[in-house]
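**Student:** Sending over a structure as structure tokens; questions will come in a sec.
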Amino acid sequence: MTALHAEHLTRWCELDYRSEPEFRIQWASDPWMDRQAYALRRRVFCEEQALFVADDRDDIDRDEPTTRNLVALSCLAGQADELVGTVRIHRAAPGIWWGSRLAVHAGWRQHRKLGSSLIRLAVTSAHALGCEDFLAHVQDQNVPLFQRLNWQVLETKVLHGHPHALMRADLAHYPPCTTPYAGFVLTGGRPS
């Protein structure tokens, strides 16, 4: 190969791997997204935290008309590459919505905005569906994050052997999102 040919190939194939990652935060829109969301939850809540023995799925997951998985997808060239986070929401009663099972892949937990973006879409999409009260049982170590996102602690309790806070979102800070399947794109914010 000539030096000129090698130089041409280098320029042609050069990619900038230093660019900031891009993520799509949306409602799960395909069965593979749900499968990967459940797998991530199992990894986090069963294997890492040992909150559940074999699986964290419950009756809420089986109530399809009122339950939705939300996902954070890393994107490569605009296409979903890997599921890196999830949270589920469900309507417990008219106007009453709950968020639960917030999980972020271990390699992305220090990302500055993944968890908060999943929380934001959870509340704003429920708000668009008539939510008047959005609640969650939040693990003790995550309470400061939720407080920064305009949630308040209502009470504390022990669930699955670990301290949790029952928290409520201030809906005034979460305008309704009427396009949850499109969701939004999050750029930048490399994990530290």
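**Student:** If I filter the range 108-126 for residues that are closer than 24 Å to ARG57 by Cα, under 16 Å from the mean Cα position of the chain (by Cα), assigned to a loop (DSSP other than H, G, I, E, B) and not acidic (Asp, Glu), do I get at least one hit?
**Tutor:** Looking for residues that are closer than 24 Å to ARG57 by Cα, under 16 Å from the mean Cα position of the chain (by Cα), assigned to a loop (DSSP other than H, G, I, E, B) and not acidic (Asp, Glu), one finds at least one in the range 108-126, hence yes.
**Student:** If LEU149 satisfies every condition in (1) exposed (fewer than 14 other Cβ atoms within 10 Å of the Cβ); (2) modelled with pLDDT of 95 or more but one, which is the exception?
**Tutor:** Checking LEU149 against (1) exposed (fewer than 14 other Cβ atoms within 10 Å of the Cβ); (2) modelled with pLDDT of 95 or more, the one that fails is (1).
**Student:** Just give me the residues in the range 67-106 being small (Gly, Ala, Ser) and in contact with a strand residue (DSSP E or B) (Cβ under 8 Å, 6 or more places away or on another chain), in sequence order.
**Tutor:** ALA72, SER74, GLY78, ALA80, GLY85, ALA92, GLY95, GLY99, SER100, ALA103
**Student:** Is one or more of the residues making up the range 89-104 under 18 Å from the mean Cα position of the chain (by Cα) and in a helix (DSSP H, G or I)?
**Tutor:** No - not one qualifying residue is present in the range 89-104.
**Student:** For the range 39-62, how many residues are out of contact with any Phe, Trp or Tyr (no Cβ under 7 Å at 6 or more places or on another chain) and either on the phi > 0 side of the Ramachandran plot or not in a helix (DSSP H, G or I) (or both)?
**Tutor:** So the answer is 6.
**Student:** Hey, another quick one. Could you look through the range 175-192, keep only residues that are surrounded by 15 or more Cβ atoms within 10 Å (Cβ to Cβ) and either acidic (Asp, Glu) or assigned to a strand (DSSP E or B) (or both), and pick out the one that is modelled with the lowest pLDDT?
**Tutor:** So the residue we want is LEU186.
**Student:** Return the pairs, sorted by first residue and then second, in which the second residue is surrounded by 13 or more Cβ atoms within 10 Å (Cβ to Cβ) and among the hydrophobic types (A, V, I, L, M, F, W, C), the first residue lies in the range 151-174 and is touching a residue at least 60 places away in the same chain (Cβ under 8 Å) and outside any strand (DSSP E or B), the beta carbons are less than 6 Å apart, and the residues are 6+ apart or on different chains.
**Tutor:** HIS160/LEU51
**Student:** Related question: Which residue pairs have Cβ atoms closer than 6 Å, lie 6 or more positions apart in sequence or on different chains, and pair a first residue in the range 104-130 that is within 11 Å of PRO180 (Cβ to Cβ) with a second residue that is of a type in the set (Val, Ile, Thr) and surrounded by fewer than 22 Cβ atoms within 10 Å (Cβ to Cβ)?
**Tutor:** Qualifying pairs under 6 Å: ALA128/THR178.
**Student:** Just the residues that are surrounded by 12 or more Cβ atoms within 10 Å (Cβ to Cβ) and part of a helix (DSSP H, G or I), please, taken from the range 63-75.
**Tutor:** The answer is THR66, and nothing else.
**Student:** Moving on. Being more than 22 Å from PHE45 (Cα to Cα) and of a type in the set (Gly, Ala, Ser) is the filter here; which residues of the range 149-174 pass it?
**Tutor:** Hits for the range 149-174 are ALA169, ALA172.
The values are calculated or read from the model by the stated rules, or taken from the named source; none is laboratory data. From a predicted model like this one, the values you see are computed outputs, not experimental measurements. A quick note on method: Cβ atoms are made from the backbone with ideal geometry, for glycine too, and the neighbour counts reach across all protein chains shown.
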